[in-house]
Amino acid sequence: MRTVKPARRISKRERAEQTRARIVGAAYRLFTQHGYEATTMQSVADEAGVAVQTVYFTFHTKAALVMAIEVRAVGGEDQEWREQRQRELVVEHGPRNVVAMWVAASATVLNRITAFVALLGANLQMDAESVERRARERDRWFQMLIDRLVALDALKPGLMPSRALDVARAVLRVEAYEDLTMRWGWTEQEWVEWMTGVLARELLDGRHEAQPLGTTKR
């Protein structure tokens, strides 16, 4: 007779995280459907299937809830997604392939960011703390690329990692992505190929810059 293992009990912390995720997802749907002003904490609670007190206990204010949506929108809370992208970079030994993979993942992040900014408009939090938090999240993402290229000894001779980080941040900007893909008709793939070429030229040692995609030197 086959033994059925009892279902694993969900911890209090896991239950709280699931509730938080439900609330954030519900708020995002309502903001998308009805706009920021028309969405109330009560409507978020109803959509998430929780008491309104739970929403206030978890996020305290509507502004804090918006901040949580923003963090998730750019992948900040999606730790599993970030870690998977990092694992893919770690096992790849071709510097140009690393750049291409990182740029493709960046396109996903930029899509989330542009959608979030368009959703909130003037309600986007622009206080010093919010701006600084966005900068930290952005820098963590860029540092992932630079750290991998340093590990592969793939940066141009004389290009310090700190300067490489500055170059990457200056070149890959959400405003340029919006212009090219939303205003000027570029496809996402065209942007990925172009940005890969730009970063390869600016960051990589000449030995790796022209390496065909898909080839890996170990």
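Laid out as a table, the results:
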| quantity | calculated |
| --- | --- |
| Test: residue in the range 72-79 that is at pLDDT 90 or above, closer than 26 Å to Val131 by Cα and in contact with a helix residue (DSSP H, G or I) (Cβ under 8 Å, 6 or more places away or on another chain) | no |
| Any hit, the range 160-171, residues being at pLDDT 95 or above, among the acidic types (Asp, Glu) and within 23 Å of Gly94 (Cα to Cα) | yes |
| Positions within the range 14-50 being within 24 Å of the chain's Cα centre (by Cα) and charged (D, E, K, R), in sequence order | Glu14, Glu17, Arg20, Arg22, Arg29 |
| Residue among Asp205, Asp179 that is surrounded by 12 or more Cβ atoms within 10 Å (Cβ to Cβ), farther than 25 Å from Arg87 by Cβ and either out of contact with any helix residue (DSSP H, G or I) (no Cβ under 6 Å at 6 or more places or on another chain) or modelled with pLDDT of 95 or more (or both) | Asp179 |
| Count of the range 89-109 residues which are over 21 Å from Glu202 (Cα atoms) and surrounded by 20 or more Cβ atoms within 10 Å (Cβ to Cβ) | 1 |
| Odd one out for Glu190 among (1) of a type outside the set (Phe, Trp, Tyr); (2) touching a strand residue (DSSP E or B) at 6+ places or on another chain (Cβ under 8 Å); (3) under 23 Å from Thr114 (Cβ atoms) | (2) |
| Every residue from the range 22-75 that is aromatic (Phe, Trp, Tyr) and outside any helix (DSSP H, G or I) | Tyr36 |
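A quick yes/no check of all residues on (1) over 27 Å from Val66 (Cα atoms); (2) modelled with pLDDT under 85; (3) not assigned by TED's automatic domain parsing to the domain that holds Thr187:
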residue	(1), (2), (3)
Met101	yes, no, no
Ala104	no, no, no
Leu110	no, no, no
Ile113	no, yes, no
Gly121	no, yes, no
Ala128	no, yes, no
Glu132	no, yes, no
Arg136	no, yes, no
Gln143	no, no, no
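The values are calculated or read from the model by the stated rules, or taken from the named source; none is laboratory data. Since this is a predicted model, take the numbers as computed values, not measurements. Because the Cβ atoms are built from the backbone with ideal geometry, glycine has one as well, and the counts that use them run over all protein chains shown.
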